[in-house]
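Reviewing the structure listed below.
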Amino acid sequence: MRVTLIHNPGAGKQASDASDLKKLLRRAGHEVRYQSSKEDGWKRVLKKSADLVVIAGGDGTVGRVVRRMPEHDVPVALLPSGTANNIARSLGQLERPFEELVRGWETARQVRLDVGVAEGPWGERYFVEGVGAGVFANLLASTDPKKSKKRKQGKNPVEAGLRRLHQQAERAEPVLICATLDGEDISGEYLLFEALNLRYIGPNLFLTANASPGDGQFELVMVTEAERSRLLYYLDHWQDDRDRLAILPSRSGSRLRIEWTGFPLHIDDKLQPKTKAKPKQMAGMVEARLNGASVRFLLPESKDKGG
């Protein structure tokens with residue numbers, strides 16, 4: 001196959017060497033076009049003819065590429081090497097040798113992952129992971145980029161992120177959100193308000209078992225003051241049994257409308273309002289919707305499947 005490889009050389013140990021990645025793909029019989037995500041031109045390379053786009057990196061790199069892929073009907077494969085790897089984890093592609101993943105592309109099943117659109121005073125933007133307000137957005141708003149980079153280089157940045165999220169959840173004030181989901185009023189005061197396209201978000205937090213790739217709906221998780229203790233308990237015991245413990249109020253939908261008054265709001269890993277936003281970009285109607293846009297992913301079966 002003609003493969004376009006988009007690689008973040010700074011993401012994780014397994015994908016740190018570009019030459020090793022290219023050798024791995026060429027040994028498997030693929031023609032490789034390489035592009036670092038750190039260099040100008042990675043967006044243009046997606047317009048060139050290819051049979052497969054391979055992304056070697058973490059959620060930031062995967063998200064940036066996938067948000068541009070609905071415009072190109074080319075399948076995507078992952079070589080996950082970031083910190084949280086929420087996208088790869090949700091697709092069952094994590095903790096598998098790169099060699100196994102590459103060998104499996106020829107016979108892999110294809111799964112479509114919905115790509116949503118978030119429209120607001122800033123314009124339109126695709127999202128992959130989710131859109132939300134409350135503790136996650138507040139955490140992003142209070143994060144110092146320099147300190148965040150140092151934490152990612154620590155021993156366990158995921159656990160560090162969850163500790164900070166726990167601290168945020170302990171002291172957070174509920175946010176008054178006036179909103180509708182598929183036309184039904186769901187307004188209220190929420191500690192956490194997340195329209196999730198994936199099962200995992202942020203520091204590997206598993207908030208819902210119902211989010212399913214390609215089903216045309218996101219899962220809206222809504223945590224009020226009444227559920228604060230449940231959220232804190234989960235953040236304390238996430239390693240024990242994340243699937244069983246993640247029982248928070250949620251509803252499925254495909255169109256969320258929010259009367260945004262300027263409170264912190266995240267679209268994937270981007271925060272609104274931006275620091276230098278103009279007044280007209282700091283409040284207004286926001287809509288998050290799934291309207292049929294999707295990206296095809298190759299999902300190789302594990303060699304251990306079925307025993």
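Summary table
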| item | result |
| --- | --- |
| Förster radius 25 Å - calculated FRET efficiency between K276 and S142 (Cβ-Cβ, nearest 0.05) | 0.90 |
| Net charge dipole size for the chain [Lys, Arg +1 and Asp, Glu -1 on Cβ; Debye, nearest 20] | 1460 |
| Y126 long-range amide H proximity, modeled H, under 5 Å | A118 |
| Förster radius 35 Å - calculated FRET efficiency between T107 and A209 (Cβ-Cβ, nearest 0.05) | 0.80 |
| Segment R44-E119, extension gain: residue separation times 0.36 nm, minus the distance between their alpha carbons | 24.6 nm |
| Longest DSSP-loop-exposure-free segment, GluC sites (Glu not before Pro), the chain, at most 12 other Cβ within 10 Å | 96-307 |
| Scattering profile of the range 116-289 at q = 0.12, 0.14, 0.15, 0.19 Å⁻¹ [log10 I(q)/I(0), Debye over alpha-carbon scatterers] | -0.52, -0.72, -0.84, -1.36 |
| Packing-based exposure ordering (other Cβ within 10 Å, fewest first) of H237, H166, H266 | H237, H166, H266 |
| Residue-span extension gain [D17 to N156] - 0.36 nm each, minus C-alpha spacing | 47.8 nm |
| The range 255-307: trypsin sites (Lys or Arg not before Pro) in DSSP coil with no more than 10 other Cβ atoms inside 10 Å | K276, K305 |
| Pairs from K22/K43; K43/K276; K22/K48; K43/K270; K47/K274; K48/K274 whose Cα-Cα separation, in the structure shown, is over 23 Å | K43/K276; K47/K274; K48/K274 |
| Rounded, prolate or oblate (a/c below 1.5 giving rounded, otherwise prolate when a/b exceeds b/c) for the range 2-107 by Cα gyration tensor | rounded |
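Read-outs throughout are calculated quantities, based only on the coordinates presented, and are distinct from any laboratory measurement. In this text, all values refer to a predicted model and were calculated from it rather than measured experimentally. In this analysis, Cβ positions are derived from the backbone assuming ideal geometry, glycine residues included, and neighbour counts consider all displayed protein chains.
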